[in-house]
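What follows is a short report on a single structure.
The values are calculated or read from the model by the stated rules, or taken from the named source; none is laboratory data. Small disclaimer: the values here were computed from a predicted structure and weren't measured. Cβ sites come from the backbone with ideal geometry, for glycine too, and all protein chains shown count toward neighbours.
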Amino acid sequence: MAGNSQGYVWDETFVADAALSAYRVVVAGEDGNVYEYGSKHIKLPAGADANAIIGVTQHATTASGDTVLVRRAGLTKLEVASSTVTYGAALRPWDAEGRANNQIGEWASGDGVIGYADCKSAASGDVIECWLAIRTLLGGDE
């Protein structure tokens, strides 16, 4: 049927280990363990190329202990850290604020990949769309 489309997303609620902004990459919480104390905890990455990626926040929180909806699969908005993101570029965690960027050099084993840009960026701080394809690279992957 013309004009019909299907959507596919997977959102899940987590407990924030700190205040978080919307559309930021988050990783497994305290001690790298998502399931702390019977709850699912997430936090910001320590820096570039972080792995143990859980997903992308869908709204902001104000404090540790707040709950946050995290997109784990599908299409999401995502804040980027530069104007160099192009359509189709593979994206990685860029900084400790949870912003993303395209990979400029060679990928290394252990690097975290968020997904692929579904549009380009014009400036640092832009919120773009990203198809999530979360994974940690093994030697020789991209």
(request) Working only within region 108-125, note down all residues that are surrounded by 17 or more Cβ atoms within 10 Å (Cβ to Cβ) and either over 16 Å from the mean Cα position of the chain (by Cα) or at negative phi (or both). (result) 111, 112, 113, 114, 117, 121
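When you look at residue 25, is it at pLDDT 95 or above, outside the structural domain of residue 14 (by TED's automatic domain parsing), out of contact with any Cys (no Cβ under 8 Å at 6 or more places or on another chain) and of a type outside the set (D, E, K, R), yes or no?
Considered against the rule, which asks whether it is at pLDDT 95 or above, outside the structural domain of residue 14 (by TED's automatic domain parsing), out of contact with any Cys (no Cβ under 8 Å at 6 or more places or on another chain) and of a type outside the set (D, E, K, R), residue 25 comes out as no.
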(request) For region 45-71, name all the residues that are in contact with an Asp or Glu (Cβ under 7 Å, 6 or more places away or on another chain) and modelled with pLDDT of 95 or more. (result) 58, 69, 70, 71
(request) Check whether at least one residue in region 93-100 is of a type outside the set (Ser, Thr, Tyr) and closer than 15 Å to residue 119 by Cα, and report yes or no. (result) yes
(request) Return the only residue of 54, 42 being assigned by TED's automatic domain parsing to the domain that holds residue 14, surrounded by 21 or more Cβ atoms within 10 Å (Cβ to Cβ) and either under 11 Å from the mean Cα position of the chain (by Cα) or polar (S, T, N, Q) (or both). (result) 54
(request) Could you please let me know if residue 130 is outside the structural domain of residue 56 (by TED's automatic domain parsing), without any contact (Cβ under 8 Å) to a residue 40 or more places away in the chain and within 20 Å of residue 57 (Cα to Cα)? (result) no
